[in-house]
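All remarks here apply to the structure that follows.
The values are calculated or read from the model by the stated rules, or taken from the named source; none is laboratory data. This structure is a prediction, so every number in the text was calculated from the model and none was measured. Because the Cβ atoms are built from the backbone with ideal geometry, glycine has one as well, and the counts that use them run over all protein chains shown.
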Amino acid sequence: MKREDFFNLITSKCDLEDMGDVTPDTSTQISDWDSLDVITLLSLFKQEFKMTVNVNDLQNCSSFNDILDFAGDKYDE
């Protein structure tokens with residue numbers, strides 16, 4: 001999966017309408033997310049990349065790019 005595709009998957013599966021137009025550079029704080037959306041995000045990492053991301057690690061993210069960086073080199077070219 002490409003990075004852009006994973007971003008689109010996150011925005012489609014998580015209820016982010018109240019954030020307006022969301023791009024990878026959009027600022028976000030996991031602490032502001034609904035708990036179900038956080039669980040959905042964690043499950044997407046597990047489902048798509050077979051990796052476990054700790055919610056505590058996500059607390060340091062300040063944008064969607066920071067969240068996307070957790071997959072590192074697992075993205076397709």
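Could you check region 56-66 and list, in sequence order, the residues that are hydrophobic (A, V, I, L, M, F, W, C), over 9 Å from Pro24 (Cα atoms) and part of a helix (DSSP H, G or I)?
The initial filter retains those residues of region 56-66 that are hydrophobic (A, V, I, L, M, F, W, C), namely 58, 61, 64.
Now restrict to residues that are over 9 Å from Pro24 (Cα atoms): 58, 61.
If the condition is that a residue be hydrophobic (A, V, I, L, M, F, W, C), over 9 Å from Pro24 (Cα atoms) and part of a helix (DSSP H, G or I), then Leu58 is the only one that fits.
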If we scan region 55-71, do we find a residue that is over 10 Å from the mean Cα position of the chain (by Cα) and at pLDDT 95 or above?
-> no
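For every residue, the table says whether it meets (1) among the hydrophobic types (A, V, I, L, M, F, W, C); (2) in contact with a Cys (Cβ under 7 Å, 6 or more places away or on another chain); (3) without any contact (Cβ under 8 Å) to a residue 60 or more places away in the chain.
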{"residue": "Arg3", "(1), (2), (3)": "no, no, no"}
{"residue": "Ser12", "(1), (2), (3)": "no, no, yes"}
{"residue": "Thr26", "(1), (2), (3)": "no, no, yes"}
{"residue": "Asp37", "(1), (2), (3)": "no, yes, yes"}
{"residue": "Phe45", "(1), (2), (3)": "yes, no, yes"}
{"residue": "Lys50", "(1), (2), (3)": "no, no, yes"}
{"residue": "Leu58", "(1), (2), (3)": "yes, no, yes"}
{"residue": "Ser63", "(1), (2), (3)": "no, no, yes"}
{"residue": "Ile67", "(1), (2), (3)": "yes, yes, yes"}
When every residue in region 40-77 that is of a type in the set (A, V, I, L, M), more than 19 Å from Ser12 (Cα to Cα) and touching a Phe, Trp or Tyr at 6+ places or on another chain (Cβ under 6 Å) is compared, the one surrounded by the fewest Cβ atoms within 10 Å (Cβ to Cβ) is Met51
Evaluate the following for Asp21: is it exposed (fewer than 11 other Cβ atoms within 10 Å of the Cβ) and closer than 13 Å to Thr11 by Cα?
-> yes
Those residues of region 1-39 which are of a type in the set (S, T, N, Q), touching a Phe, Trp or Tyr at 6+ places or on another chain (Cβ under 6 Å) and assigned to a helix (DSSP H, G or I) amount to none
